[in-house]
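Engineer: Structure provided below as structure tokens; questions to follow.
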Amino acid sequence: MNKTKREIFETSMKLFAEKGYDATSIEEITATVGVAKGTLYYHFSSKEEIFNFLVEEGVKLLKNSIEIKTDKLDNSIDKIRAIVLIQIKILVKYENFMAIILSQIWGNDQRSQMCRSYIFEYIQMIEEIVKQGIQKGEIIEGDPNVIASGIFGFTCSSLIYKMRHNDEELDVSNLDKEIEKTFIRKLRKIN
């Protein structure tokens, strides 16, 4: 991605997160980046294309990070720990991206359906790990979809925690340990 396209991408992400998709105009994006409309349209055909690109790239980053990390692990609990840590790090580093995704999943328009589809696809990745863990006797018996959705939701609440303590630097390691202690540890099947 060249420098101008990256600036458009990052500026759009920031504005969408702060103001919302509908309240952000192409004019505002170009003015903030300092480029002409023609330059923006050279890289993206519309505001919708910017949004779609942003969501696709963010989800791809999250999924690729998780696949790389979990492929090296055998134990399902260790895989879930890795997922939680990666998700927290991405929430912290790409807070605007996560705010956009989470704010868009509630409607019935095409944008909301796309965001919801990506979230469900991501939760399904977690669900597969949970199913394997139940089959191997590493994770307690339960509905894999409920457990996977809980892992996703519990970890997403880190964003709310971060927003509530916005004046402080979020200690990723400490938050990860707390999620481990209050949630993940309870998933381990005791033989």
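Engineer: Only one of these is at pLDDT 85 or above, more than 25 Å from Leu91 (Cα to Cα) and out of contact with any helix residue (DSSP H, G or I) (no Cβ under 9 Å at 6 or more places or on another chain): Gly142, Gly137, Gly133. Name it.
Structural biologist: Gly137
Engineer: From the list Ser65, Ser76, which residue is surrounded by 16 or more Cβ atoms within 10 Å (Cβ to Cβ), farther than 12 Å from Ile126 by Cα and touching a residue at least 12 places away in the same chain (Cβ under 8 Å)?
Structural biologist: Ser65
Engineer: Name the residue, out of Glu57, Glu7, that is within 16 Å of the chain's Cα centre (by Cα), of a type outside the set (S, T, N, Q), at pLDDT below 95 and surrounded by fewer than 20 Cβ atoms within 10 Å (Cβ to Cβ).
Structural biologist: Matching residue, one of Glu57, Glu7: Glu57.
Engineer: Same structure again: Do we have Ile151 as touching a Leu at 6+ places or on another chain (Cβ under 9 Å), touching a residue at least 24 places away in the same chain (Cβ under 8 Å) and over 15 Å from Ile86 (Cα atoms) here?
Structural biologist: So Ile151 fails the test.
Engineer: Can I ask one more? So, Ser173, is that one touching a residue at least 60 places away in the same chain (Cβ under 8 Å), among the small types (Gly, Ala, Ser) and either part of a helix (DSSP H, G or I) or closer than 16 Å to Ser76 by Cβ (or both) or not?
Structural biologist: For Ser173, the condition - touching a residue at least 60 places away in the same chain (Cβ under 8 Å), among the small types (Gly, Ala, Ser) and either part of a helix (DSSP H, G or I) or closer than 16 Å to Ser76 by Cβ (or both) - is not met.
Engineer: Filter segment 126-142 for residues that are part of a helix (DSSP H, G or I) and surrounded by 18 or more Cβ atoms within 10 Å (Cβ to Cβ) and give the result.
Structural biologist: Ile126, Glu127, Ile129, Val130, Gly133, Ile134
Engineer: For the list (1) over 17 Å from the mean Cα position of the chain (by Cα); (2) closer than 20 Å to Leu175 by Cα; (3) modelled with pLDDT under 90; (4) among the aliphatic types (A, V, I, L, M), I need the number of the one condition that Ile88 fails.
Structural biologist: Result: Ile88 fails condition (1) only.
Engineer: When segment 1-48 is examined, which residues are found to be under 15 Å from Cys115 (Cβ atoms) and of a type in the set (D, E, K, R)?
Structural biologist: Within segment 1-48, Asp22, Glu48 meet the criteria.
Engineer: Let me ask something additional. Just to check your reading of the model, which residue among Ile160, Ile139 is in the same structural domain as Asp74 (by TED's automatic domain parsing) and within 20 Å of Ile66 (Cα to Cα)?
Structural biologist: Among Ile160, Ile139, only Ile139 is in the same structural domain as Asp74 (by TED's automatic domain parsing) and within 20 Å of Ile66 (Cα to Cα).
Engineer: In segment 24-40, which residues are surrounded by 14 or more Cβ atoms within 10 Å (Cβ to Cβ) and either within 15 Å of Lys14 (Cα to Cα) or aromatic (Phe, Trp, Tyr) (or both)?
Structural biologist: Thr24, Ile26, Glu28, Ile29, Thr30, Thr32, Val33 - these are the residues of segment 24-40 that are surrounded by 14 or more Cβ atoms within 10 Å (Cβ to Cβ) and either within 15 Å of Lys14 (Cα to Cα) or aromatic (Phe, Trp, Tyr) (or both).
The values are calculated or read from the model by the stated rules, or taken from the named source; none is laboratory data. Keep in mind that this is a model prediction, so the values were computed, not measured. Every residue, glycine as well, gets a Cβ built from its backbone with ideal geometry; the counts of neighbours run over all protein chains shown.
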